[in-house]
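Just so it is clear, none of the values below were taken in a lab; they were calculated from the coordinates. Not measured: the values here are computed from a predicted model. Reconstructed Cβ throughout: ideal geometry from the backbone, glycine too, with neighbour counts over all protein chains shown.
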Amino acid sequence: MNFFDWKIEMVEGLKSYIDIENKRMAILTTEDDEIHMALEFDENKNLVMHPRWNINIIILGDKHLKFTTNS
C-alpha cells in the first residue's frame, strides 16, 4: 500500500486506517482490538512513527517499510 510517498507492506493480521486530511495512519489488528502503531507527518514532512507493543519495523529501502508482529 502507499501512504503518500511511502510504500508500506504489512503481514496478514494487520490493517490500516488512513486519515488523508490530517496525514495520519493507524495500524490495527484485523479484529480492531489492538492498535500497534500510529504514523503521521510532522511540519517538515518527516514520517513520525509511534509504535506500541508487539510491532516490528523493517526498513526495505528508501521510503519503503514493512510491519510485522511477534505473534
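Can you tell which of Ile8, Trp53, Leu28 lies farthest toward the positive end of the dipole of the chain, using +1 and -1 charges on the Cβ of basic and acidic side chains (Lys, Arg; Asp, Glu)? Looking along the dipole axis, the top candidate is Ile8. Applied to segment 40-55, the Karplus parametrisation 6.51 cos²θ - 1.76 cosθ + 1.60 on θ = phi - 60° returns per-residue 3J(HN,Hα) values of 7, 9, 7, 5, 9, 6, 8, 6, 10, 10, 10, x, 9, 9, 6, 10 Hz, with x for Gly and Pro.
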